[in-house]
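The structure under discussion appears below in the form of structure tokens.
What follows is calculated from the coordinates using simple rules that are stated; it is not laboratory data. A quick note: this is a predicted structure, and the numbers were derived from the prediction, not measured. Methodologically, a virtual Cβ is constructed for each residue, glycine included, from the backbone with ideal geometry; neighbour enumeration extends over all protein chains shown.
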Amino acid sequence: MRCHISKELKDLALKMSLVHGLPDKKIKRYTGISIRALKRLRQTYRETGETVRTPVCSGRPRNLDALDANFLEAMGMVSSHPAACNALCKLLNGDTRDVNLTYIREHASAVLKCSTVQYLKEAQLRGAFLDEEGGSFSAFTAFFVDHNEPLQVLQTYMSRDRWSFGDLLDGHEFLILVPVPVPPASDIDF
């Protein structure tokens, strides 16, 4: 059964293992931490120098905690669905109205060129990226799909003044790029 293991207990278990050389079975008996969790704890300590993996930013879903995101500078997506774009913004503690549009404009071209997905590498930036008046932050991907549902969601966001990326055009997808906050450094003393 999974249960939360406090940082203090993890520090103690790691000290028992690395400093005092106790076998995992004894540490399990004294602390109640499973052998599997002890192995993960030592691996985390070897990789990060910490006993606890600090989330990239507070409020981030747990499924991204395993991602070693210390090297990430930005996260982004190309999508025709406004709800997906909004989810990315919320993931990084924001809202679609809080996104730094200048940041997107400055970095979008370079990010697309680095993509391993061929259609994204070849996508053409349009609208606001080319300083077109009232243009959207979109990339022409030549995917001509039914946009009925995304357009309905988009109208909802626009009516609530919660959208700053413009309109969705045929064959286009919104391009969202958000800087990732740097996690705070922490020290461990034994």
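Brief remarks follow.
- P(r) tail for region 7-53: Cα pairs beyond 11 Å make up 61% of the total.
- Working from label points 7 Å from Cα in the Cα-to-Cβ sense, the L22 to T116 distance is 4.2 nm.
- Gained length - S109 relative to E50, 0.36 nm times residue gap less alpha-carbon distance: 17.6 nm
- For L154, L18, L175, order by how many other beta-carbon atoms lie within 10 Å, fewest first: L18, L154, L175
- Rg and Dmax over the alpha-carbon atoms of region 70-179 stand at 13.1, 38 Å.
- Exposure proxy ranking for K10, K90, based on other Cβ atoms within 10 angstrom of each Cβ and starting from the fewest, stands as K90, K10.
- The charge dipole of region 70-179, taken about the Cα centre with unit charges on the Cβ atoms of Lys, Arg (+1) and Asp, Glu (-1), comes to about 280 debye, rounded to the nearest 20.
- Where labels lie 7 Å past Cα in the beta-carbon direction, separation of R97 and I35 in nm: 5.6 nm
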